[in-house]
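Novice: One structure coming up, written as structure tokens, with questions to follow.
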Amino acid sequence: MEVKEKISNLIKQNDVCLFMKGTPDTPQCGFSMAVSNVLKHLKVKFLGINVLEDQNLRQGIKDFSDWPTIPQLYIKGEFIGGCDIVKEMFEKGELKKLLEDKKLV
């Protein structure tokens with residue numbers, strides 16, 4: 001329960017959370033880098049959480065969202081998706097609109 005509570009608190013306390021491999025400055029996988037770069041491009045303030053530092057967190061976020069892969073993006077408590085979904089939303093302009101609607105850009 002402890003990991004689930006930690007994840008829940010991170011998502012509640014930060015408008016934009018990216019659970020990723022590595023950090024925004026030093027991503028450890030291409031998918032995490034892609035999502036991080038999209039957020040940087042949109043000039044969004046976000047918290048990057050390195051799941052490689054904690055195996056329980058790495059598995060915990062997958063269980064929490066019922067989503068099998070990392071990265072995972074949360075905006076204002078809502079699970080948005082992984083790399084493919086974020087890239088598609090970005091390309092269609094949907095991600096920018098969502099962030100504008102939530103007053104985050």
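What follows is calculated from the coordinates using simple rules that are stated; it is not laboratory data. As the structure is a computational prediction, the values presented were derived from the model and not from experiment. No Cβ is skipped: glycine too gets one built from the backbone with ideal geometry, and neighbour counts run over all protein chains shown.
Novice: Tell me the relative contact order for the chain as a rounded percent, counting alpha carbon contacts under 8 Å between residues six or more apart. Before the final figure, lay out each step's value.
Specialist: Numbers: 147 pairs, mean separation 33.6, N = 105.
The normalised contact order for the chain reaches 32 percent.
Novice: For residue 41 and residue 5, what does the FRET efficiency come to when R0 = 41 Å and r is the distance between their Cβ atoms, rounded to the nearest 0.05? Walk me through the numbers on the way to the answer.
Specialist: Numbers: r = 32 Å, r/R0 = 0.79.
It comes out at approximately 0.80.
Novice: Share of antiparallel DSSP beta bridges in segment 2-101, in percent to the nearest 5? Don't jump to the answer; show the numbers that get you there.
Specialist: Details: 8 of 12 bridges.
For segment 2-101, the DSSP antiparallel bridge percentage is about 65.
Novice: What trypsin sites (Lys or Arg not before Pro) in the chain are in a loop by DSSP, with at most 16 other Cβ atoms within 10 Å of the Cβ?
Specialist: Numbers: sites: 4, 6, 12, 21, 40, 43, 45, 58, 62, 76, 87, 92, 96, 97, 102, 103; in loops: 21, 43, 45, 76, 102, 103.
Taking the chain and a limit of 16 other Cβ atoms within 10 Å, the loop trypsin sites (Lys or Arg not before Pro) found are 43, 45, 102, 103.
Novice: How far apart, in nanometres, would the label points at residue 100 and residue 58 be if each is projected 7 angstrom from Cα along the Cα-to-Cβ direction?
Specialist: For residue 100 paired with residue 58, the spin-label model returns 3.9 nm.
Novice: If a/c stays under 1.5 just call it rounded; otherwise compare a/b with b/c (prolate if a/b is bigger, oblate if not). Do that for the chain, with a ≥ b ≥ c from the square roots of the Cα gyration tensor eigenvalues. Before the final figure, lay out the partial values.
Specialist: Working: a/c = 1.74, a/b = 1.39, b/c = 1.26.
Because a/c hits 1.5 or more and a/b exceeds b/c, the chain counts as prolate.
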